[in-house]
1. Can you find even one residue in the stretch 610-624 that is among the basic types (Lys, Arg), open to solvent by less than 10 Å² (accessible area, probe 1.4 Å), touching a residue at least 40 places away in the same chain (Cβ under 8 Å) and closer than 30 Å to PHE729 by Cα?
2. Among the residues of the stretch 364-383, write down those that are surrounded by 14 or more Cβ atoms within 10 Å (Cβ to Cβ) and either farther than 18 Å from ILE408 by Cβ or in contact with a strand residue (DSSP E or B) (Cβ under 7 Å, 6 or more places away or on another chain) (or both).
3. Would you confirm whether or not the stretch 460-470 contains a residue that is within 51 Å of the chain's Cα centre (by Cα) and either open to solvent by 40 Å² or more (accessible area, probe 1.4 Å) or farther than 25 Å from CYS527 by Cβ (or both)?
4. Take the conditions within 22 Å of LYS846 (Cβ to Cβ), modelled with pLDDT of 90 or more and open to solvent by less than 60 Å² (accessible area, probe 1.4 Å) and apply them to LEU1045. Does it pass?
5. Is one or more of the residues making up the stretch 161-177 open to solvent by less than 10 Å² (accessible area, probe 1.4 Å), closer than 30 Å to ASP425 by Cβ, touching a helix residue (DSSP H, G or I) at 6+ places or on another chain (Cβ under 7 Å) and β-branched (Val, Ile, Thr)?
6. In the stretch 914-947, how many residues are in a loop (DSSP other than H, G, I, E, B) and among the hydrophobic types (A, V, I, L, M, F, W, C)?
7. So, ASP345, is that one surrounded by fewer than 20 Cβ atoms within 10 Å (Cβ to Cβ) and modelled with pLDDT under 90 or not?
8. Do you know which residues across the stretch 1127-1166 are in a helix (DSSP H, G or I) and either of a type outside the set (Asp, Glu) or closer than 30 Å to VAL690 by Cα (or both)?
Amino acid sequence: MVQPVPETINFPGEEEKILELWKQWDVFKTCLKQSKGKPRYSFFDGPPFATGLPHYGHVLAGTIKDIVTRYAHQQGYHVERRFGWDCHGLPVEFEIDTALGIKGPQDVAKMGIDNYNNECRKIVTRYAAEWEKIIGRLGRWIDFKNDYKTLYPWYMESIWWVFQELFSKGLVYRGVKVMPFSTACNTPLSNFESGLNYKEVVDPAIVVGFPLLEDPNVSFIAWTTTPWTLPSNLALCVNPNSDYVKVKDTKTGKVYILMEVRLGILYNKEDQYIILEKYKGIQLKGKKYKPLFPYFSEYDSKGAFQVLVDTYVTEDAGTGIVQQAPYFGEDDHRVALAAGLITRDQEMICPLDARGCFVEPVTDFLGQYVKDADKNIIKYLKNADKLVNNSTVKHSYPFCWRSETPLIYRAIPSWFVRVQQMSEDLLRSSQNTYWVPDFVKEKRFGNWLREARDWAISRNRYWGTPIPLWVSEDGEEVVCIGSIAELEQLTGETIKDIHRESIDHLTIPSQRPGKPPLKRVAEVFDCWFESGSMPYAQLHYPFEHKKEFEESFPADFIAEGIDQTRGWFYTLIVISTALFNKAPFKNLIANGLILASDGQKMSKRKKNYPDPVEVVNKYGADALRLYLINSPVVRAENLRFKEEGVRDVLKDVFLPWYNAYRFLVQNLIGMIKEEGKEFVFNESVATKDVSVNFMDRWILSFTQSLLLFVKKEMAAYRLYTVVPRLVKFIDHLTNWYVRMNRKRLKGDGGVKDCHHALTTLFHILFSMVRIMAPFTPFLTELMYQNLRHLVTSQGSNELTSSVHYLMLPEPKTFLIDEGIERAVTRMQTVIELGRVVRDRKTIPIKYPLPEVVIIHQEEECLQDIESLKQYVLEELNVRSITLTRDKQKYGVALRAEPDHKTLGARLKGEFKAVTLAIKALSDSDLQKFLSQGYIEVLGHRLEPSDLRIMYSFSGEAAQELAQKYEAHSENDILILLDITPDDSLQDEGIAREIINRVQKLRKKAHLIPSDEVTAYYSVNLQDSQIARIAQSHISFIENVIKGPLRHMGTKPLPANIILEETQHLKGVEMKLVLSKGFCNDWKTSSNISPPKDEVEPYCRYVNIKVCNGLKPRYGAVSDSGTVLLENPVGENYLTFTKLKKEIEVIFGLYGRKFQIFECGSKEEMRKLLAIDLLHKKTLCVYPTQEEQVVNVCGPVQDNPISRFVNVECKGKRATLVLENPRGDFALDGHLVTLKRVLGSVLDVPANSLDLGTLSENGNGIGRNGWGLALGHTRRAERQPGELAEHWSRVLMKSA
């Protein structure tokens, strides 16, 4: 049984209950069982380190992964989701080094690798329980029990297999390369790792002199930001094609050689130097200079300390001469090798230890850390008179991504994978993948692949997968192991673990007699090699699960942050291309980075962001999820995280959605109680028996269009288009459909109409919980758990207890009506434009305005708005609408003014001329500007922020029009809102203010519409406007609040007071008191009309008036009558053709040509409007003339002109018009005729009807018609006696 929905909700609290429900029912595992045997959708999850708690980057990526995999399940796929852990490498080791005070390899050697690795093993899953709890609390479904960890021996064994495959293909080699090196972690990093963490730093920037041997008074000068590399200097390098000069400093008399275009590095005026000589760079080749330091002077005989040439030297920085330290710079190393200055197999000239501290022979700076030694080196050079200039530079510099310490570049022996030669294959593999957004693949990732360098995969560390190479002492024998079994066979040992402490001691006998056994190399794999191998290692491929791997590879989907383009995405594609020559995934989403609200990187130390767990506890996981995925970060842009953004999701999305759901349930329960029968929703029936109400058809069409859009865009993985559309749909549902149909949903339009409205709203919400389930899994489950009790079972074999068991519904295209959607969109545009104008002029919506003029060049647009004009009238609270294509009639045109602040600063001297040109822009120029978003003015491109667009009126009545109307437009729709003050309209507005105060007090008292309450009021100023209007508009107020409003002086004592409050309204204190029950005079008071539904026909109707000399004929005398739009309720709907026929019959207008207008409208009716909008209107019938001037047709009433009787029989409700036109052809007393007519209408035998006794003053047989309408009046069933009394009263009443 459906349960009442509380007025308020604690979203985080409800989510906790849903989590408990999922746990009790084991919903995630049940989903996996449910989809077993369905097509597989494979997903690879990149493994995070468990040495820290999840941050917003993990939350975002996890949410994207969860949405896509949940959606895949909804689409009928089997989606395994395994969590993985990265357990090896620097993140773990750095924590241990910090905790234990380990400074370098010697400290590890002292404690032993086994003890060191045991310490690492202890912390790898330190936060695993917290991860599982937090990820689960965020609503992400992933299997933690069947996880993979990179430390599992079976996982490591698959890594060995991957490496052996690469080795056997000749893709592995050992070499010396200059690489990024982390002195804090004592290990080299790969090139892509060095790109993960750049920071802006200030470094020394010095110019140093290198005296020529041939003339010590002349010095080459070189610029450097790494003084610590100068002790290892072996050469200088110039560009062979550039121009160099020898100059004399006019101040010091010293002579320098540098690149001519770089003179500015020392001099800012030409008189500060004299050019002595010019030559090309190639002429400097081979010139010798005196070394700065004596440490490696012995290399002078090997060609050191001379000028080399290479085109990598540029003209845009430094002095055009680059100092060369071959083992501390990649280009330095390459140039020195090419020149024969060094050889690949010689001893490295690298006087640093693993910590980045100087060692022998650099005795002057022995033991100093390189960055600390900079200042002492500068001091040394100054004392030696070699320092030409000393300054600093702010630049971007790479830092270790784990230790946050600056990297240095140094030559390191390492094991490499040949990636450069695979560049074309990598680009081809990448081209066969689909990325969102696409530019990340084409630009950022593509550029990285095109410039791919060989990958250093070894680390001089301890806690990692050992590289499985056993090498002889002379290097002649190398054995690459690909499995544990192979190692057991070659060593004769039983092996259970393959970490260093378990296998480093193992040797393999040499194949050469008499040679010592082979020993394992000391290095371990880079942890990125381990994570890049996860597609194979997570399944222990190829040792197990071969079929499963082949079915799931390549993965259908992966997702991570954009920073992984040089990380996990890169390693995945390198290894997969090397193994199988194809990418390991088909589709990829790259998200942007989440920054603190100030745009800085999120920092625990700075505490510049709120804790994710606290945000979830405060607002709920759904709110955080929707905030993140409805932001630029899903388009790979950065997001400045703001907690108020999460709060706004609750306020602007979830609360309106929840209130729509609550409103539905509230009215469903009311209808069930009133009708005494259950409400059951059957989707297949609901899509066949569709409501004919215009707004019902619109929201149904809009929902199916949304479903089509979601399926199309999710197939393309474009979350950044899907989520905004879903959020917008909730706005359409709550702020348009529900708000504009509240009366129908409450039952004011009758039982059948109410049932249609509630069924439609149920249909939409039931569709929405399924569509939104992957995005907001908690709130959709909450709603579904209540709604499901009203849904018929979809079949005994189908799981329906959780919304996450349900498949996404297929779009029902036959419900899509593009014409209706277009019409409503145009109506919404008009209403929103009108609201903007009201806001601009500070005119509250409660205050009626006389007119809105809607101007558009297309007749179709005007007809669309005409068909929905009743909604426009109500929403904008205007009395009339004028629709026209004649813009010139109103003399309204666009004009522009420059934004002085923006343009003045930008254009400076040209501003005056551009201003005149802007003011001269025509209406058509500005229309084009608004449509395309920019305009060229005097050669300047102007954007919307540069101009202020306004409207002006022209012509004779320009001043009058400008005072009367306020204009606003969007695209091609222009509205003019009549803002002329009017006392009667102002009075009605104040009456609405009083109504608003009463209704708010009722809401505050938690009353429901059916509660019988009397409102009493008093004001402190008896002669005030408020006091007057409370009396003059008493009927209007009471009709809206559906209860009596009485002066406080009439309040009985004692009164059963519910709530009282003093309000301030228009400078007057107004006290309101709500008292239980209606006051005694409510039903008998002379100034109160009986409740409207007491005298309303069951069937919908329109009143008809013939005007302008068009006379009734053939016995009809009256010029007014009533036409029913349906009879019985919900059947025999009217058409426009039948309407014209009925008018002919009622008024005897056979053979006459006439036109039909809605009273007050200037547009001829050529088709039948939506009947719910036509109901209770008055139509005026005029003779057809060439130039018809529509006059006011007299007073309009909103009840039937002709007398009528309501009839109920066998569940049907009908209305019989007793005279038509008014006073003519009455049926009163003609019981036989009444029975015959009613029998025909109700489709029952006439002689079975017992009508009782009616007054006998009728004198003819009525010629009345019944036709199309939507809905009927819902009210309590009457007893036969009450019905007879009602008939009698209605028959005696003059309409």
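The values are calculated or read from the model by the stated rules, or taken from the named source; none is laboratory data. Being a predicted model, the structure only gives us computed values, none of them experimental. Ideal geometry is used to build each Cβ from the backbone, glycine not excepted, and the neighbour counts take in all protein chains shown. Calculation scope for accessible area: heavy atoms of the full protein, side chains included, ligands and nucleic acids excluded. Shrake-Rupley method; radii C 1.70, N 1.55, O 1.52, S 1.80 Å.
1. no
2. Those that are surrounded by 14 or more Cβ atoms within 10 Å (Cβ to Cβ) and either farther than 18 Å from ILE408 by Cβ or in contact with a strand residue (DSSP E or B) (Cβ under 7 Å, 6 or more places away or on another chain) (or both): ASP364, PHE365, GLN368, TYR369, VAL370, LYS371, ALA373, ASP374, ILE378, TYR380, LEU381.
3. yes
4. Taking the combined requirement at face value, the residue satisfies it.
5. Yes, because at least one residue in the stretch 161-177 is open to solvent by less than 10 Å² (accessible area, probe 1.4 Å), closer than 30 Å to ASP425 by Cβ, touching a helix residue (DSSP H, G or I) at 6+ places or on another chain (Cβ under 7 Å) and β-branched (Val, Ile, Thr).
6. Count: 3.
7. In short, yes.
8. PHE1136, THR1137, LYS1138, LEU1139, LYS1140, LYS1141, GLU1142, ILE1143, VAL1145, ILE1146, PHE1147
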